[in-house]
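I have placed the structure first, in the form of structure tokens, so that the comments after it can refer back to it.
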Amino acid sequence: MKNYLEQTNKEQNNRMWDDGGIVIPLEEVADRAIWWEKFNRANPYFVRSEEAKYTQKGLVFMMICGADNTPVFQG
């Protein structure tokens, strides 16, 4: 629970979004996704596992698709 709370607090204090765009480097988004993947693998029966899995999936989705005001690929 301590690791979960520390990570969620860190992410809440360093917001990823502003006005529909990602405001942190994509490398940091990837780091967060990796952290959540490792957490989910190490804690499969965590009481908030569904939320943790949802967070991981959302971060991976952002890495692939970007956001409304932050495309991943320049086109």
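Name the helices (complete DSSP H segments) of the chain with a Cα length along the long axis of 15 Å or more and a Kyte-Doolittle mean of at least -0.5, or state none. Could you put the intermediate results ahead of the total?
Numbers: long enough: 2-13 (16 Å, -2.54); 26-42 (24 Å, -0.68); 49-65 (24 Å, 0.11).
Membrane-span-like by this rule: 49-65.
With every protein chain left in place and a probe of 1.4 Å, what is the accessible surface of L5, to the nearest 10 Å²?
For L5, solvent-accessible area is about 90 Å².
When the accessible area of the chain is computed with all protein chains present and a 1.4 Å probe, what percentage of it is carbon and sulfur?
On the way: 2930 of 5530 Å².
Result for the chain: 53 percent of the exposed heavy-atom area is carbon or sulfur.
Within the stretch 20-59, report the trypsin sites (Lys or Arg not before Pro) that DSSP leaves as loop and that have at most 13 other Cβ atoms within 10 Å. Spell out each step's value before the answer.
On the way: sites: R32, K38, R41, R48, K53, K57; in loops: R48.
When the trypsin sites (Lys or Arg not before Pro) of the stretch 20-59 are filtered for loop state and at most 13 Cβ neighbours within 10 Å, R48 remain.
Where does the longest stretch of the chain lie that holds no chymotrypsin sites (Phe, Trp or Tyr not before Pro) found in a DSSP loop with 15 or fewer other Cβ atoms within 10 Å?
On the way: sites that count: Y45, F73.
That gives 1-44 as the longest site-free run.
Hey, of (1) 19, 43, 25, 10, 2; (2) 19, 36, 22, 15, 8, 2; (3) 18, 51, 25, 5, 0, which did the structure itself give for P(r) over Cα pairs in 10 Å bins from 0, in percent when calculated?
(3)
The values are calculated or read from the model by the stated rules, or taken from the named source; none is laboratory data. Just so it is clear, the model here is predicted, and its values are computed rather than measured. Methodologically, a virtual Cβ is constructed for each residue, glycine included, from the backbone with ideal geometry; neighbour enumeration extends over all protein chains shown. Note: areas computed on protein heavy atoms with side chains; ligands, DNA, RNA excluded. Shrake-Rupley method; radii C 1.70, N 1.55, O 1.52, S 1.80 Å.
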